[in-house]
Amino acid sequence: MSQARSVYDFNSAIVRQPSRSVVDGLRAGERGSPTYAGVQAEHEAYVAALRDAGVQVTVLPALESFPDSIFVEDPALVFTEGAILLRPGAASRSGEAAEIAPTLRGMFETVLDLPAGFADGGDILVTPDSVMIGLSARTDRAGAEALASCLDRLGRKAQLVATPEGVLHFKTASSLLDDETMLSTARLARSGVFKDFREIIVPEGEEPAANALRINEILMVPSEYPRTIELLDKHGYKIVPVTTTQIEMIDAGLSCMSLRWYRNGK
Ligand code: CIR
């Protein structure tokens, strides 16, 4: 029988090398373009931080025809009990699920396919009691409801929630810090969605820092946000700063670059 674990206990992860085309990744505003070398350096440091945290990392090869494919969090969702192939909501990313499918089928006994609608992994926040699914420009109600059924098959309860207007993904604005605590932007917290959690609000002007990543004992936080780092340090989290300057230009953060789970029997 498997032992009860925290939802942020991970021993396995999948990442994908950035492609040269990553410089053409989707973005909502214009904050400049990243360079391939710059993204590559950030990705390497990220993978090293995962490994230092005790995670065995599988690195998939770059996919030139999918500029955003480095963000493996979006086309799939993984748990100890099984994986779900999603249907990314951006047309240029819809083929990414088929690209990652063979890897997941090789690693998981159960792989479900989202049967309808659209859902991006960036909109999915796993908490100890439920899996929050943020409705957004990428995740529609049909996709969220279909995903709730898939989650039910894996023994997980789903909760549909709203992503603030103009925010790419639900997790762009939030992350789970421990079993009781959520890091959130002030705007998302105001919606009341985290009322059952202790909330830590990112300082004004540092909103992208809300996408932190708890892995085992450590908390990865984007290194460009000193006030958030200081705040979280005061709360006693073991912080590992990781640079995200390049990937932020294409609307991404720390959680986007991996699929993480606890694999039994390793
Ligand atoms: C996109 O717009 O799809 C990418 N440029 C960024 C994806 C970020 N992924 C995430 O937040 N999970």
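The values are calculated or read from the model by the stated rules, or taken from the named source; none is laboratory data. A quick note: this is a predicted structure, and the numbers were derived from the prediction, not measured. Every residue, glycine among them, receives a Cβ derived from its backbone with ideal geometry; neighbour counts consider all protein chains shown.
At a glance:
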item	result
Long-range neighbours under 8 Å by Cβ, at least six apart or interchain, first residue of a type in the set (Asp, Glu) within the stretch 135-149, second within 16 Å of the ligand (Cβ to nearest atom)	ASP140/GLY89; ASP140/PHE118; ASP140/ALA119
Test: residue in the stretch 213-231 that is without any contact (Cβ under 8 Å) to a residue 60 or more places away in the chain, over 30 Å from GLY89 (Cβ atoms) and surrounded by 19 or more Cβ atoms within 10 Å (Cβ to Cβ)	yes
ALA98 vs. criteria within 16 Å of the ligand (Cβ to nearest atom) and not in a loop (DSSP other than H, G, I, E, B)	no
Residue, surrounded by the most Cβ atoms within 10 Å (Cβ to Cβ), within the stretch 171-184, restricted to residues that are part of a loop (DSSP other than H, G, I, E, B) and over 16 Å from the mean Cα position of the chain (by Cα)	ASP179
Unmet requirement for LEU168, which otherwise passes all of (1) part of a loop (DSSP other than H, G, I, E, B); (2) away from the ligand (no atom under 16 Å from the Cβ)	(2)
Residue check for SER33: buried (at least 16 other Cβ atoms within 10 Å of the Cβ) and either of a type in the set (S, T, N, Q) or in contact with a strand residue (DSSP E or B) (Cβ under 9 Å, 6 or more places away or on another chain) (or both)	no
Unique residue being in a loop (DSSP other than H, G, I, E, B) and away from the ligand (no atom under 16 Å from the Cβ) when the list is ALA116, ALA41, ALA49	ALA116
Elements of type strands (runs of 3 or more DSSP E) contained in the stretch 189-266, each with 2 or more residues being within 17 Å of the chain's Cα centre (by Cα), within 13 Å of the ligand (Cβ to nearest atom) and modelled with pLDDT of 95 or more	259-261
Cross-chain or 6+ apart pairs with Cβ under 6 Å, the stretch 81-98 first and touching a residue at least 60 places away in the same chain (Cβ under 8 Å), then among the polar types (S, T, N, Q)	GLY82/THR110
